[in-house]
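A.B. asks: Dropping the structure in here first, questions after.
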Amino acid sequence: MARRLAAFSKNGRFAAPASALFFGLLALPFMGLLGAFVVSATVLLFRWAALYGLLERRPRMPDFLARARGHVSKLPPAVKGTAPMALLSILVALAFVLDPYTLDVATTAGIYALLALGLNIVVGMAGLLVLGFAAFYGVGAYTYAILNTHYGLGFWTCLPIGGALAALFGLLLGLPTLRLRGDYLAIVTLGFGEITRITLNNWDSVTNGPNGILGVAPPSVFGFSFDHPRHYFLLALALVSLSVFLLKRLDKSRVGRAWVAMREDETAAEAMGIPTLRLKLLAFSMAAFWGGVAGVFFAGKQLFVSPESFNFLESVMVLCMVVLGGMGSVPGAVLGAVLLSFLPEVLRGVDQYRLLAFGLAMVLMMRYRPSGIWPEAHRALEAKEARNG
Amino acid sequence: MAEALALKGLSMRFQGLQALENFGLLVSEGEIVSLIGPNGAGKTTVFNCATGHYTPTGGDVLFFGRRLNGMPPHTITRLGLVRTFQNIRLFGSMSALENVMAGRHCRSRAGVFSSMLALPSAVSEERAIREKARSLLEFVGLSERERAKAMDLPYGGQRRLEIARALAAEPRVLCLDEPAAGMNPSETGGLMELISKVRSLGITVFLIEHHMRLVMGISDRVVVLDHGVKIAEGKPQEIQHDRKVIEAYLGQEAPVA
């Protein structure tokens, strides 16, 4: 305590009020005098609490989550087996209850979930930091837009084509970067993302440049064309559920295990007979496939594509979803995508400050639950065993 | 007896440093051969060259008569030459069981699609992988800890787990790089038993070790390396009395003036 007090008087006495003042000034033009005062006071209290070590007993929130998961894992298998179906039924029912606006946001969340599931393969499972993921998203979206407006191909035909073409791009990105690790890989993939966006922006004859492509046809089922957010929501639900189902199996399979092994220690993985170069290419193309599928869906929903939608910020956003949900965790990727898609809507009230609040949420998350909301299974298991003795 | 591993005139040069010079060694099938030498003698370099982590600048690596030079490590492992690491390199966040299961990778074939669709072949293969991994954990005495995260195991346990993971790849020759490093005497005793058990499975053992009681206790032959050059080779008793070996370890006796 004495040591903390000493540290407090030495470092914190001025730092805490200074940051309180700073945040207060930031808030002033948007929230008025009273609002700014509340913000300052909150910041000040928070900083002082931190200085006194009141925030050190940190497992409060994780404990709650871990305990909830503990209860879930103790449920009888019959209940656990039917839980996903029950959840799915509830979501289907919600499609007929919720208003179009909420359904639209939920559909966007579904698209992000597909993207996060894809990125999770390469970043979460295989441990390769890719910062240009929006490129594959763009490839998928433009594939559908071009094939539909020029050649009249339908949504369902383009869904696998867009995925496959994106996977091919993933392979193309993978090949020259196979021997790069960590930061170097991140920079090259970032460059790749930008190259793709700039190409879309400038290749007028094919992509119609910055004006984008208008008049993409919506998906249709048995001659009945999608025209209500509910239809898109149900499609998103179907695609995400199918992806989760497939990717959970993949995660637990021989290939998923090899990816995680490679992430943990590439040299050891190679020495254990895992062909790391081939598995990296596989991870890139699988991830890109999901990115491409998400892109086709996006184009079918917006009925318009332009290069703006596939910028660097999108890549970062999807990465945040994966990190927030828990790297390498399939349900985590979906959860992260849903949370970060709805968060801006919830924060719409603070308008200009959405990004700030968003950043704050990320920082708090990393401080209190660095392994994500829904960490990979073996990690969670270990945490539970450690607690039980 | 068949020639399991033959290193012929092996040289490894890192720019100015000659780490290994014209090194020759034969390991026959079923033997336990130990490679010893002072720190920095080039022992691990021998392993790295043999298992494809380095491409030797000269000489040949022959494995049951097959030339391994230039092959990537995973191919060499699949052929049956498997190694462990001096500084334990487990897959830290995976459970003990998953670590061993990962070692089965090169002995299984299920791909992305058969796994995602849960085809019967993939399901039964996965079950076989799990069973094999369980039996290997039992073999090294870690059955109780199969769900523990690898990095949470005690030091000796991690060493054993690394051996189990290597055994999962079905080696014909197992290269152990200082498996007793950092172990206490009782753990070392257990390790000696384990290595003998491995040999009784018909697996040839090529060992790098500093722990003399272990080396002298289980080796059929001992090879001594100093400054990248082989200075002695023979049965354990012969090595213990070799003047050159004693000099390499303890320094030269001062000439009587």
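The values are calculated or read from the model by the stated rules, or taken from the named source; none is laboratory data. None of the values given here were measured: they were computed from a predicted structure. Note: ideal-geometry Cβ built from the backbone for every residue, glycine included; neighbour counts use all protein chains shown. Note: areas computed on protein heavy atoms with side chains; ligands, DNA, RNA excluded. Shrake-Rupley method; radii C 1.70, N 1.55, O 1.52, S 1.80 Å.
A.B. asks: Can you tell me which residue in segment A:204-213 is farthest from A:Gly163 (Cα to Cα), limited to those that are of a type in the set (S, T, N, Q) and open to solvent by less than 80 Å² (accessible area, probe 1.4 Å)? Before the answer, list the steps.
C.D. replies: At the first step, the residues of segment A:204-213 found to be of a type in the set (S, T, N, Q) are A:205, A:207-208, A:211.
Filter once more, keeping what is open to solvent by less than 80 Å² (accessible area, probe 1.4 Å): A:207-208.
On the way: A:Thr207: 18, A:Asn208: 22 Å.
It comes out as A:Asn208.
A.B. asks: Still on this structure, I have one more. Answer yes if at least one residue in segment B:99-114 is at the interface with another protein chain (Cβ under 10 Å from one of its Cβ atoms), of a type in the set (Phe, Trp, Tyr) and open to solvent by less than 40 Å² (accessible area, probe 1.4 Å), and no otherwise.
C.D. replies: Among the residues of segment B:99-114, not one is at the interface with another protein chain (Cβ under 10 Å from one of its Cβ atoms), of a type in the set (Phe, Trp, Tyr) and open to solvent by less than 40 Å² (accessible area, probe 1.4 Å), which makes the answer no.
A.B. asks: Could we say that A:Val216 is surrounded by 15 or more Cβ atoms within 10 Å (Cβ to Cβ) and farther than 25 Å from A:Lys280 by Cα here? Outline the logic, then answer.
C.D. replies: Numbers: surrounded by 15 or more Cβ atoms within 10 Å (Cβ to Cβ): yes; farther than 25 Å from A:Lys280 by Cα: yes.
So A:Val216 fits the description; yes.
A.B. asks: Just to be sure, is A:Phe224 open to solvent by 20 Å² or more (accessible area, probe 1.4 Å) and more than 12 Å from chain B (Cβ to nearest Cβ)?
C.D. replies: Working: open to solvent by 20 Å² or more (accessible area, probe 1.4 Å): yes; more than 12 Å from chain B (Cβ to nearest Cβ): yes.
Criteria met by A:Phe224.
A.B. asks: Can you pull out the residues in segment A:124-154 that are within 30 Å of A:Ala269 (Cα to Cα) and either open to solvent by 30 Å² or more (accessible area, probe 1.4 Å) or assigned to a loop (DSSP other than H, G, I, E, B) (or both)?
C.D. replies: Those that are within 30 Å of A:Ala269 (Cα to Cα) and either open to solvent by 30 Å² or more (accessible area, probe 1.4 Å) or assigned to a loop (DSSP other than H, G, I, E, B) (or both): A:Ala126, A:Gly127, A:Leu128, A:Leu129, A:Val130, A:Leu131, A:Gly132, A:Phe133.
A.B. asks: For segment B:171-219, which positions are over 26 Å from B:Ala19 (Cβ atoms) and among the acidic types (Asp, Glu)?
C.D. replies: B:Glu187, B:Glu193
A.B. asks: Just checking, how many residues over segment B:139-150 are within 20 Å of the chain's Cα centre (by Cα) and facing another protein chain (nearest Cβ under 9 Å)? First the steps, then the outcome.
C.D. replies: The initial filter retains those residues of segment B:139-150 that are within 20 Å of the chain's Cα centre (by Cα), namely B:139-142, B:150.
Still in the list and also facing another protein chain (nearest Cβ under 9 Å): B:150.
Going through segment B:139-150 one residue at a time, the tally reaches 1.
A.B. asks: Any chance you could count how many residues in segment A:180-216 are free of Cβ contacts under 8 Å to residues at least 24 places away in the same chain and over 26 Å from A:His150 (Cα atoms)?
C.D. replies: 3
A.B. asks: May I pose another question? With respect to A:Ala386, is the statement that it is open to solvent by 50 Å² or more (accessible area, probe 1.4 Å), within 18 Å of A:Asn120 (Cα to Cα) and either in contact with a His (Cβ under 9 Å, 6 or more places away or on another chain) or modelled with pLDDT under 75 (or both) true?
C.D. replies: When the stated conditions are applied, A:Ala386 does not pass them.
A.B. asks: Name the residues in segment A:255-276 that are within 8 Å of chain B (Cβ to nearest Cβ), in a helix (DSSP H, G or I) and either of a type in the set (A, V, I, L, M, F, W, C) or open to solvent by less than 30 Å² (accessible area, probe 1.4 Å) (or both), would you?
C.D. replies: From segment A:255-276, those within 8 Å of chain B (Cβ to nearest Cβ) are A:255-258, A:260-261, A:264-265, A:267-276; that's our starting set.
In the following step, the residues that additionally are in a helix (DSSP H, G or I) were identified as A:255-258, A:260-261, A:264, A:267-271, A:276.
Hits for segment A:255-276 are A:Val255, A:Gly256, A:Arg257, A:Ala258, A:Val260, A:Ala261, A:Ala268, A:Ala269, A:Glu270, A:Ala271, A:Thr276.
A.B. asks: Given the conditions (1) part of a helix (DSSP H, G or I); (2) under 15 Å from the mean Cα position of the chain (by Cα), report the number of the one that B:Glu193 does not fulfil.
C.D. replies: (2) is the only condition that B:Glu193 fails.
A.B. asks: Could you pull out the residue among A:Ala269, A:Ala294 that is free of Cβ contacts under 8 Å to residues at least 40 places away in the same chain, of a type outside the set (Phe, Trp, Tyr) and on the phi < 0 side of the Ramachandran plot?
C.D. replies: On the way: A:Ala294 fails: free of Cβ contacts under 8 Å to residues at least 40 places away in the same chain.
Exactly one of A:Ala269, A:Ala294 is free of Cβ contacts under 8 Å to residues at least 40 places away in the same chain, of a type outside the set (Phe, Trp, Tyr) and on the phi < 0 side of the Ramachandran plot, namely A:Ala269.
A.B. asks: Starting from residues that are under 14 Å from B:Ala4 (Cα atoms), touching a residue at least 60 places away in the same chain (Cβ under 8 Å) and open to solvent by 40 Å² or more (accessible area, probe 1.4 Å), keep the ones in segment B:51-78 and report whichever is nearest to the other protein chains (Cβ to nearest Cβ).
C.D. replies: Result: B:Phe64.
A.B. asks: Pairs, please: C-beta under 9 Å, at least 6 apart or cross-chain, first residue farther than 15 Å from B:Pro171 by Cα and in segment B:127-142, second among the polar types (S, T, N, Q)?
C.D. replies: B:Ala128/B:Ser108; B:Ile129/B:Ser108; B:Arg134/B:Ser143; B:Leu137/B:Ser143
A.B. asks: Also: Would you point out which residue out of A:Leu242, A:Leu247, A:Leu234, A:Leu282 is modelled with pLDDT of 95 or more, open to solvent by 30 Å² or more (accessible area, probe 1.4 Å) and within 9 Å of chain B (Cβ to nearest Cβ)? If you could, list the steps in order and put the result at the bottom.
C.D. replies: Details: A:Leu242 fails: within 9 Å of chain B (Cβ to nearest Cβ); A:Leu247 fails: open to solvent by 30 Å² or more (accessible area, probe 1.4 Å); A:Leu234 fails: within 9 Å of chain B (Cβ to nearest Cβ).
A:Leu282 is the lone residue from the list that is modelled with pLDDT of 95 or more, open to solvent by 30 Å² or more (accessible area, probe 1.4 Å) and within 9 Å of chain B (Cβ to nearest Cβ).
A.B. asks: Of all residues in segment A:307-335 being outside any helix (DSSP H, G or I) and open to solvent by less than 10 Å² (accessible area, probe 1.4 Å), which is nearest to the other protein chains (Cβ to nearest Cβ)? Walk me through how you get there before you give the answer.
C.D. replies: Pass one, segment A:307-335, residues outside any helix (DSSP H, G or I): A:311, A:326-329.
Applying the additional criterion that residues be open to solvent by less than 10 Å² (accessible area, probe 1.4 Å) yields A:326, A:328-329.
Values: A:Gly326: 12, A:Gly328: 9, A:Ser329: 12 Å.
Only one residue tops the list, namely A:Gly328.
A.B. asks: For segment B:154-209, what are the residues that are open to solvent by 60 Å² or more (accessible area, probe 1.4 Å) and farther than 22 Å from B:Lys132 by Cβ?
C.D. replies: B:Pro154, B:Tyr155, B:Gly182, B:Asn184, B:Pro185, B:Ser186
A.B. asks: For segment B:80-93, which residues satisfy the criterion of being facing chain A (nearest Cβ under 7 Å), surrounded by 24 or more Cβ atoms within 10 Å (Cβ to Cβ) and touching a strand residue (DSSP E or B) at 6+ places or on another chain (Cβ under 9 Å)?
C.D. replies: Correct list: B:Arg83 only.
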